[in-house]
Amino acid sequence: IKVGESDIPDFISHMHYTKSFKTLVMGTETGVFGRLEVEAEAINDDDDDYDNQQKKERKTIETPFIEMGRFHTKRVTGIKELGQSTQLVTISEDHYMSIWEATNQSMVSTVWQPAMPISLDTTTDGSTAFIGTSLGAFRAYDLTVRESPRLVVQSRFFDDSVPINNVKVSPDGQYVLISSSESKQVFVLSASSEQRFQLLGFLEFQGLVVSATFAEIEGSVRIIAVLSNNLLAAAYSPVKLAANRMEPMPDEMAKPTYRKIDRGSNLVMTNPITGDLYVTGSDKLLKRYDYPTEKITQIDWKRAPPIAVEEHQSHSIGTACWDFSQQFKFMATGGKDGNIFMRHVNNISQIPNPIKAHALYSGGVTALCFSQQRSTLYSAGGDGSIMAWTYGGKPNPQDPILQPEGINPQIS
């Protein structure tokens, strides 16, 4: 069946007649749901013998397919609210980037990705989406016209198709961080369209970067990372165009410091309100650590890591994602067990009641994000679904809130 923007016919994965037998409802392998207004033909039992002896006639249905919606068919790997609007952008292992209107659960647009998109973030005004793929491509999309996203930047930072599995925009919205769990390097770009999202510089840590994010410490922008050799690393971020972008930021400028942490750590979180650093890993605990202070030459590899400042219960089979709400002062984590934990930033130690969200068998919660304007939390799962949760007195309105006029009318 021919649907969407592709000239290649889409395969039907299921179909079912309505009770009136006048409409055929069907879904395709790429997530398109729609209908054909084709009335079923009555069966004539008297013709059975004749039909068995004759070759059955094959008919081509010319009735147009009415598309009712498109949905993700595989694991959703990223979700972000777009600025002050009630619209979202998601990416999925089904190779689609999609934009949704949350108030009526409708799709606004969708864009096929040649390589699987695995990491996502957006500018604070929602005008640009940044995507990292499984084959190492980095793409920036102009979302000022939500019905037709436009590719404006396509770059590659790592060799040999190393995946970009981490893309983060700084809390102040000025910088974009790019890292891979198969590389020691962290690249920092300008998040400004006026600067054409140019590369400012990069850092090189003493271990593969399993997880990385931004933090503001003592008024300066830092990069915090969990490394493959069980180190928590920190360094000053490039914030202006480096003199030589072919070489990593010198140590005298980056001032990298390290701290030994427990084996199996794989996710780092930073509280933009308090500056606290949190780490989770295979031991299923949420741990707060002090800022790293040692040079790499001062690390004693033979000694056990120092005890964390705080340890709190976390998800039973591992934490997959996190986000902070700066306005409402909440921290949320999504687990592979399918649950969401919400904690107040001033009382992290209180064990939260789990919110049962996405199916455990499909990988649980794979991505989540807070609305920064309303008391809504969005989550996505390995089951391909998207959910919106209201946790306070300022929920989403009934009518859509569109992007305010005057924000980047057209990204060059």
- Task: Any chance you could count how many residues in the stretch 142-169 are free of Cβ contacts under 8 Å to residues at least 60 places away in the same chain and assigned to a loop (DSSP other than H, G, I, E, B)?
- Result: 13
- Message: With assigned to a strand (DSSP E or B), within 16 Å of Thr90 (Cα to Cα), under 21 Å from the mean Cα position of the chain (by Cα) and touching a residue at least 40 places away in the same chain (Cβ under 8 Å) as the only criterion, which of Thr333, Thr366 stands out?
- Response: Thr366
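Among the residues of the stretch 12-39, write down those that are open to solvent by 40 Å² or more (accessible area, probe 1.4 Å), among the hydrophobic types (A, V, I, L, M, F, W, C) and modelled with pLDDT of 80 or more.
Selection gives Met15, Phe21.
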- Query: From the residues in the stretch 299-323 that are closer than 27 Å to Lys255 by Cα and open to solvent by less than 20 Å² (accessible area, probe 1.4 Å), which one is farthest from the chain's Cα centre (by Cα)?
  - Reply: Ile299
- Filter result (at pLDDT 95 or above, crowded, with 18+ Cβ neighbours inside 10 Å and in a loop (DSSP other than H, G, I, E, B)) within the stretch 263-298: Pro292
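The values are calculated or read from the model by the stated rules, or taken from the named source; none is laboratory data. Because the structure is predicted, anything quoted here is derived from the model rather than measured. Heads up, the Cβs are rebuilt from the backbone with ideal geometry, glycines too, and the neighbour counts pull from every protein chain shown. Only protein heavy atoms, including side chains, enter the accessible area calculation; ligands, DNA and RNA are left aside. Shrake-Rupley method; radii C 1.70, N 1.55, O 1.52, S 1.80 Å.
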